[in-house]
Amino acid sequence: MLIAHRTAYLLSHRLCQIYRINPTSNMSLDSDKEAQIRHQRESELKRKAYRDMKEETRKVLKHARIETPTPEPDAVGLPRKRFYRQRAHSNPFSDHRLDYPQEPSCMEWQKLYPHYFDETTGTMSKNVEIADIGCGYGGLLIQLATAFPEKLSLGMEIRVQVTQYVEDRIIALREQNKDAEQYQNVAVLRGNAMKFTPNFFFKGQLSKMFFCFPDPHFKQRKHKARIITSTLLSEYAYVLREGGIIYTITDVEDLHKWMAKHLEEHPLFERKSVEWEKNDKCVQLMMNSTEEGQKVERNKGSKYVACFERLPTPEDCD
Amino acid sequence: MKHPIQILIADKSGEHIFASVTNHLLVLRASDGKLIGSWVDPVDAQEFQEKRFKARMEEQKKKEEANEDENAAKKLKNNKKEPKVPAPGPGAPTIYNYIRSLTLSRDESYLIGTTDSDKAAVIFKIDYSQDNCLSLVKRQVFPKRPCSVLTTLDDEKVVVADKFGDVYEIQGKDSAVVAEKDLVPILGHVSMLSEVIVAEHDGKQFVLTGDRDEHIKVSHYPKSYVVRNWLFGHHEFVSCLQICPFNEDILVSGGGDDYLLVWNWWEKKELAKVELRELVAPFLTDSHLPPERFFREDSPREICISKVRVYEQGDQKLLVVLCENTKCILTFSFNEDMSLTHKQTLSTTDSIIDFVIVSDAVLAAVDVESEDNLLQLFRFDDSCSLHHEDSDLTKVISKSVECEVSGRADFYPLYYISSLRKRSEH
């Protein structure tokens, strides 16, 4: 889900083609294209208006504690995905305007998890332990909230609108499940995990990292843009505690082999057995709860899973 | 008129000076400025591209011929025209045939440079008994442009950082070249690297890397897959890292921020922050403003630190600092607690491109349109203050520079660190 996938890719590709049509090329085709472009602009405006409306709600609710008065009921309905759709790819090397803490100790986690903030001591009662890198529309993240009610989970997503969707979704779920105090333990933020993971987490802070349906970056020259590379694995190993698990799932066999190969070759990771995968509840969640996973299911595609344990740091490396 | 000197380094004894001007390398004796070694990079960027492209096409052709039958049908469909040798488009940045970085091995018997033309590291054996003390050992081509190199403690390996964020190691002393596709990075950033350093603590080695985001990463070496920690403190790119010779746990870092940071990198502690804005402000010009596209009414003139070096005299320890494209050299003295006290702002007549500390003097390459003097010499007096000194050395050295240009317009870019600054739009 990091950034997904071929259907989305084809769709966005088609849109690009439509936009690039030269208006002077053909008169009869022209009016047709123009109408299409006009139509697209209109729908984009509509989506924008919807997101703006949601943003207002978000502003009110984002930093609100659980005791704040309930806002208008329709404002906290579950957001609708179609207003937030965004091109499935994002360039991880570009200089996005991102908010990230200068170092992990500067991170104001209380803004994301107000429920776990102890005002008397000014500290968080829990730290984030599970990270869903490239959480997409948040299917897995939402499941993690109830599957691990005692742990804080964080979704990271690089696309602005998709992040807003997940944010709105969490706000709505928190509001709807106020009595049970659910979904207080999940949050999402926009970020570039390939560049700034160590800005968010201390050494050994995480126990699980998920990489679900990442952007396959098929072209060979784009392989460095993949979320699993041997050099990035060293950084993931830094934020993962010993015994922590990296979960990967994809429907692209080539990418699966590539990820498994790089993880297997990395001295700090060891593959978990198929038996282990069968009995692990996260693998089940990952297979079935993500939006991409469900789409693959509908299209009767295959899903490839590989899980790896973070091995102890060699003794001669303090 | 001669092209200004772009890089200056010297050996520890201060007996030999190494300089680069465009694609020329010069080795000079410090006592009298005599030229004792030289090398001109024969590779032209465009030619190299074409050659590489042709080689690739050849290979493909061979492959196709090998399985001719299978592809026969396909070929009929596709084989309409020969692919053209790609030429850079009108908006493409010019590739200059110059040497981007220059380093000596620890035992000072090898000189290592990196070239922009073919993205290579060039390693030379230095032998002062020869007429030309430089002899090329090998030329290792990398997939992306290398920008910083350093040898390991035993000089056996050369650690190379590139502009794609990857760090490689190659054998330093033999002439064997590794095929490009067999090079595997030993560590990497998802950001352009600006400097790499191999540091030591208790006999163990560490690789310190600085990048265009604000990260300084400390990795173990040779187990470079174990990250030890990051040093967080910069808000802008990091462009220079310098280990203090008097205490190898002390690191000075600088870049696009208005300050320098002094670290104990081993203990992961920031020891001091040195503000430069007030000191440098009088020397900043409109050339330090952001490019037009990003310029706003309130845009400040930007500081980029291009070099920091340590000078020791008796028990005095000094830090010499150069900000890119300024007509000044700043010196600071180290206090007991590693904080720094400003000592001197030496203003110069011309902008300084690079400098090197040679014995008790600072030799600076200056940005001048000159036929006979491309350098200036500043000597430390007994109280560690720098004074300009007229010296024949600068003229003798300048005489050895053979790169004639017709004017300033033909200069290669002398200041490129400022282009590292991130200007995000979305």
**Report entry** Leading residue by the ranking (farthest from B:Phe206 (Cα to Cα)) among those in segment A:289-318 that are among the aliphatic types (A, V, I, L, M) and more than 14 Å from chain B (Cβ to nearest Cβ)
**Finding:** A:Val296
Query - Members of segment B:189-204 that are open to solvent by less than 50 Å² (accessible area, probe 1.4 Å) and touching a residue at least 40 places away in the same chain (Cβ under 8 Å) - result: B:Leu193, B:Ser194, B:Glu195, B:Val196, B:Ile197, B:Val198, B:Ala199, B:His201
**Report entry** segment A:89-117: number of residues that are more than 23 Å from A:Val186 (Cα to Cα) and open to solvent by less than 50 Å² (accessible area, probe 1.4 Å)
**Finding:** 6
**Report entry** Pair list, Cβ < 9 Å and 6+ apart or interchain, from segment A:259-273 residues that are away from chain B (no Cβ under 14 Å) and farther than 18 Å from A:Glu235 by Cβ to residues that are among the small types (Gly, Ala, Ser) and buried (at least 21 other Cβ atoms within 10 Å of the Cβ)
**Finding:** A:Ala260/A:Ala306; A:Arg271/A:Ala306; A:Lys272/A:Ala306
Report task. Answer yes or no: is there a residue in segment A:250-271 that is touching a Gly at 6+ places or on another chain (Cβ under 9 Å) and under 15 Å from A:Phe308 (Cβ atoms). Result -> no
Requested in this report: Tell me, please, whether a residue that is within 25 Å of B:Glu270 (Cα to Cα), over 15 Å from the mean Cα position of the chain (by Cα) and either assigned to a loop (DSSP other than H, G, I, E, B) or among the hydrophobic types (A, V, I, L, M, F, W, C) (or both) can be found in segment B:126-147.
Outcome: no
Query raised in the report: Among the residues of segment B:229-246, which ones are within 14 Å of chain A (Cβ to nearest Cβ) and in contact (Cβ under 8 Å) with a residue 40 or more places away in the chain?
Result: B:Gly233, B:Glu236, B:Phe237, B:Val238
Requested in this report: Please go through segment A:92-122 and pick out each residue that is facing chain B (nearest Cβ under 10 Å) and assigned to a loop (DSSP other than H, G, I, E, B).
Outcome: A:Pro92, A:Phe93, A:Ser94, A:Asp95, A:His96, A:Arg97, A:Leu98, A:Tyr100, A:Pro101, A:Gln102, A:Glu103
Requested in this report: Please find, among B:Val207, B:Val218, the residue that is surrounded by 23 or more Cβ atoms within 10 Å (Cβ to Cβ) and more than 8 Å from chain A (Cβ to nearest Cβ).
Outcome: B:Val207
Report summary line: All-but-one check, B:Asn229 against (1) open to solvent by 10 Å² or more (accessible area, probe 1.4 Å); (2) out of contact with any helix residue (DSSP H, G or I) (no Cβ under 7 Å at 6 or more places or on another chain), failing number (1)
Query raised in the report: Could you count how many residues in segment B:2-60 are at positive phi and out of contact with any Phe, Trp or Tyr (no Cβ under 6 Å at 6 or more places or on another chain)?
Result: 2
Report summary line: Checked against (1) within 13 Å of chain A (Cβ to nearest Cβ); (2) in contact (Cβ under 8 Å) with a residue 12 or more places away in the chain, B:Lys223 satisfies every condition except (2)
Report task. Please go through segment B:371-385 and pick out each residue that is of a type outside the set (A, V, I, L, M, F, W, C) and surrounded by 19 or more Cβ atoms within 10 Å (Cβ to Cβ). Result -> B:Gln376
**Report entry** Residue that is farthest from the other protein chains (Cβ to nearest Cβ) [pool: residues in segment B:159-188 that are open to solvent by less than 10 Å² (accessible area, probe 1.4 Å) and out of contact with any Cys (no Cβ under 7 Å at 6 or more places or on another chain)]
**Finding:** B:Gly172
Query raised in the report: Do we find that B:Asn97 is modelled with pLDDT under 90, within 22 Å of B:Leu8 (Cα to Cα), open to solvent by 20 Å² or more (accessible area, probe 1.4 Å) and polar (S, T, N, Q) in this structure?
Result: yes
Query raised in the report: Which of the residues that make up segment B:256-301 are of a type in the set (Gly, Ala, Ser) and either closer than 21 Å to B:Ile417 by Cα or open to solvent by 70 Å² or more (accessible area, probe 1.4 Å) (or both)?
Result: B:Gly256, B:Ala281, B:Ser287, B:Ser299
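The values are calculated or read from the model by the stated rules, or taken from the named source; none is laboratory data. In this text, all values refer to a predicted model and were calculated from it rather than measured experimentally. When we count neighbours, we look across all protein chains shown, and the Cβ atoms used for this are built from the backbone with ideal geometry, even at glycine. SASA here: full protein model, heavy atoms, side chains in, ligands and nucleic acids out. Shrake-Rupley method; radii C 1.70, N 1.55, O 1.52, S 1.80 Å.
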